[in-house]
Amino acid sequence: MGIAGEVSVRGAWADTASVDRMIQAMDAARDAGGPADPGICDWGWVAVGHRPTETGEQAGATAQSMLDERLGWCLMFDGRLDNGPDLRDDLDECFPFRSGSDAEVVLAAYHRWGEHFVDHLQGIFALALVDAPREKVLLARDRQGARLLYLSTGAGRLRFASTLPSLLAADGTDTSAGRAALERDPDHRRMVPPSRTSLSGVTLLPTATLRVLEARGRARDRDFHDDEAVPRLGGVGRS
């Protein structure tokens, strides 16, 4: 059904209760069937989780998690890889695959190419990858924008979720109408820039963007539409 998480900086601890509320909000939106077991990965300053998708939903796209305790990595992946089998063949010699999931292919790609792993992913997805030894979190969204990843920032923390109701379930988000919602074109149709929403405290991770969040508060973006780095610097907790 989706992914969610919270990243805190400056020595603070992520609020796992908030992450749990975001995940439970995803469960409340399910159309049928009993609740699937959520997966939460807590590293102290970052907590991420996912709500699995119903089997067969959305043409094979699914929410998955993958934890590699040996490397200290945790991945929350929502979507599907169209080139998963090809990547698996390319990476089989350098990564010990233990499952048939797309999430493990993503981890293998990160193991091989580092932050450039997203350049090699083809499909529809939103993901959050925790690299605990390097104290960073990587968020990414597919080139088509088929998957959404809503973001909200507060004092020393950033939250993200696949759906807006899920993000708002954590509380503390500015839900007043933003300036973007009031901007209009000459024909008086509402125009909201692609990375903005109608709420002041909520943005969208842009399409084909890798955002790297560091525990010390630094944040940087890289656009991978054309596989070329376009750094945009900022910080966690800034809108």
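Which of the three applies to segment 73-134, rounded, prolate or oblate, going by the alpha-carbon gyration tensor with a ≥ b ≥ c and a/c under 1.5 meaning rounded? Because its axes are fairly even, with a/c under 1.5, segment 73-134 counts as rounded.
Extension gain residue 70-residue 216, at 0.36 nm per residue separation less the Cα-Cα distance, in nm?
50.2 nm
None of the figures in this text is laboratory data; all of them are computed from the coordinates on show. Just so it is clear, the model here is predicted, and its values are computed rather than measured.
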